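Some notes on the structure that comes next.
Any read-out appearing in this document is the output of simple, stated calculations on the displayed coordinates, not a laboratory observation. Given the structure is predicted, the values throughout are model-derived calculations rather than measurements. Here the Cβ positions follow ideal geometry from the backbone for every residue, glycine too, while neighbour counts run over all protein chains shown.
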Amino acid sequence: MLNKLRVTQAIAEAGVVAVLRADSAEEVARMARHAIRGGIKAIEITMTVPMALQAIQQLAAEYSSKADPASDAYAIIGVGTVLDPETARAAILSGAEFVVAPAVNPDTITLCNRYAVPVMPGTMTIRDIQTAMELGADIVKLFPGSAFGPDMITAVKGPLPQANIMPTGGVSLANLALWVKAGAVAVGIGGDLTKEAVKQGDYTLIERQAQAYVQAYRDAKA
């Protein structure tokens, strides 16, 4: 349980979670390494990636939340787009340190709690958020964030001030500060982090974009 709390706190301290999708395990691992070099220390490898578990295994062998935060080996490798407890367990055994799901699945949350691994189910309503929290979710993902905007977090934190909310989808450099100031515990960044790198075939662009997001987050928290 202490490990679960430690990793949850590490994600909150990282503030920015890279949500990575690609056409192969090799490509997504490459994206992850560049994002980490750019300063994003929480990495979500989605299960839509072919052989995603292979990528998680590779990255978990290179990076860990238990490493010195100042070292190049420090990063939190997690899994996303988890639809069921079987997938969650396979990812955890492959080295995933946190689990993100697109919706609230009680069995998935139970499985993650059994293994003392932070779980972040996707939610769209206050009822979803309350249910996820009651089931034992550590952070709730507001998805898609673009459908709501930062005011949704402000509204939710009226009746549920203890909710740890991470918007994903629709978070950009232009609005990141608004999400953070509304009370987001962290933000998930997807295509905006990688699209130009993929388009131009220059993956160092991921590092630059990662640096920009990390700086924007730090500025918003200052």
**Asked** Can you give me the Cα centroid spacing of the stretch 108-152 and the stretch 1-45 in angstrom?
**Response** 18 Å
**the chain - percent relative contact order, Cα under 8 Å, separation 6 or more** = 20 percent
**Asked** Which residues' amide hydrogens lie under 5 Å from the amide hydrogen of residue 140, considering only partners 5 or more residues apart or on another chain, with H built in the peptide plane?
**Response** 164, 165, 166
**With eigenvalues of the C-alpha gyration tensor scaled by 5 and rooted, the stretch 2-221, Å** = 24, 21, 16
**Prompt:** Quick one: what does P(r) look like for the stretch 30-78 with 5 Å bins over all Cα pairs, in whole %?
**Reply:** 5, 23, 36, 23, 9, 3, 0
**Prompt:** If r is the Cβ-Cβ distance from residue 195 to residue 215 and R0 is 30 Å, what FRET efficiency results, to the nearest 0.05?
**Reply:** 0.95
**Item:** Normalised convex hull volume, the stretch 129-188, alpha-carbon set, Å³ per residue
**Value:** 69 Å³
**Request:** Pop out the ³J(HN,Hα) list for the stretch 138-152 in order, Karplus 6.51 cos²θ - 1.76 cosθ + 1.60 with θ = phi - 60°, rounded to Hz; leave Gly and Pro as x.
**Result:** 7, 9, 9, 8, 8, 9, x, x, 5, 7, 10, x, x, 4, 4
**Asked** Length gain on complete extension for the stretch residue 172 to residue 107, per 0.36 nm per residue less the alpha carbon to alpha carbon distance?
**Response** 20.2 nm
**Message:** What whole-number volume per residue, in cubic angstrom, does the convex hull of the C-alpha atoms of the stretch 56-181 give?
**Reply:** 119 Å³
**the stretch 155-222 - convex hull of alpha carbons, volume per residue in Å³** = 77 Å³
**Message:** What distance in nm lies between label points placed 7 Å from Cα along the C-beta direction at residue 208 and residue 124?
**Reply:** 3.7 nm
**Prompt:** Roughly what would the spin-label model give for residue 23 and residue 1, points 7 Å off Cα along C-beta, in nm?
**Reply:** 4.8 nm
**Asked** What is the set of long-range amide H partners of residue 100 at a cut-off below 5 Å, with H atoms built 1.01 Å from backbone N?
**Response** 79, 80, 81, 82, 120
**Item:** Computed helical MRE - 222 nm, the chain, DSSP H runs ≥ 4 contributing -39500 (n - 2.57), nearest 500
**Value:** -14500 deg cm²/dmol
